[in-house]
Amino acid sequence: MLRYILYVALLISTTSTFGLSQPKVTPDPMVTFLKEYLDIKYNGARFDTFIYVAAKRQKLYLISSDTVVKSYRISTAEKGIGNLSGSNQTPEGLHKIAEKVGGDLPINSVIKSKIATGAKVEPIKEAKTTNSDHITTRVFHLKGLEEGVNSGANIDSYTRGIFIHGTHEEGLLGMPASKGCVRMANKDVIELFDSVEVGTFVIILNN
């Protein structure tokens, strides 16, 4: 009888060890919504690892395998969401990372036209504008994938030069402040740069 009791106890312990009696992990509701939305809107395109820019929240999320790996405070356009060339607005819709620039640059390096200038600028931590829009540290150049939304004449995200990039105005992160791009803190943009590859999907939504 004692041997039988010990056998049952061992069986219960083994079952627990292998996770058969452990509670199920609840999926992140935001990720579940996003995956369903993207699957419907983009005809079943696979989104395993992707970047989600939530303009109203002023947050950028790195999502992989149905999990939010990291979230970052950002700034999208001060003038809101829009796709027209010259509007200084941030475009919505599906994009991909077409180019990554600055992988070997020191933090706070100034980049112009996707070329390092050799200059550096110290980040401003106060919530104030300098009326300049330095692009710093790292650049992701985005290509729109939706014809008539962010791709095509007069609305083309790539031609407009829509970037995810570092900024010297770090004190304004968390509020709309850019001239159309997606701004990040310099340390954060390095981390993101090292986490994703060219071709990674980027979805920008006004929510």
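Just so you know, all these numbers are worked out from the coordinates, no wet-lab data involved. Predicted, not measured: the structure shown is a model, and the values here were computed from it. Neighbour counts are summed over all protein chains in view; Cβ atoms, including those assigned to glycine, are modelled from backbone coordinates with ideal geometry.
In deg cm²/dmol, rounded to 500, what helix-only [θ] at 222 nm does the chain give when every DSSP H run of at least 4 residues adds -39500 (n - 2.57) and the total is split over its residues? Write out the running numbers ahead of the final one.
Details: 4 runs with 41 residues, N = 207.
Helices in the chain give a 222 nm mean residue ellipticity of -6000 deg cm²/dmol.
Measuring nothing but alpha carbons in the range 111-207 and taking Rh as the Kirkwood radius, the Rg to Rh ratio lands at 0.97.
If the viscosity is 1.567 mPa s and the temperature 4 °C, what Stokes-Einstein diffusion coefficient in µm²/s follows for the chain when Rh is the Kirkwood radius over Cα pairs? Can you show the working numbers first?
Numbers: Rh = 18.6 Å.
The diffusion coefficient I find is 70 µm²/s.
Counting beta carbons within 10 Å around each of 74, 111, 51 and listing the fewest first gives the order 111, 51, 74. Report the relative contact order of the chain, percent, no decimals, based on alpha-carbon pairs under 8 angstrom and at least 6 residues apart. Dividing the mean separation by the residue count of the chain yields 26 percent. Name the residue from 158, 111, 83 whose Cα lies farthest towards the positive end of the charge dipole of the chain, charges +1 on Cβ of Lys and Arg and -1 on Cβ of Asp and Glu. Comparing the listed Cα positions along the dipole, 111 ranks first.
The loop-placed trypsin sites (Lys or Arg not before Pro) in the range 131-198, going by DSSP, that have at most 16 neighbouring Cβ atoms within 10 Å of their Cβ come out as 179.
Residues whose amide H falls under 5 Å from that of residue 136, counting only those 5 or more places apart or on a different chain, are 111, 166, 167, with hydrogens built in the peptide plane. Modelled spin-label separation between residue 194 and residue 206, with each label point placed 7 Å from Cα along the Cα-to-Cβ direction: 3.7 nm. Under 5 Å from the amide H of residue 92 lie the amide H atoms of 82, each residue being 5 or more positions distant or on a separate chain, with H modelled from the backbone and absent for Pro and chain starts.
Can you tell me the length gained on complete extension of the stretch residue 68 to residue 104, counting 0.36 nm per residue apart and subtracting the Cα distance? Write down the numbers at each step before the final one.
Details: separation 36, 0.36 × 36 = 12.96 nm, distance 2.70 nm.
Once the chain is fully extended between residue 68 and residue 104, it gains 10.3 nm.
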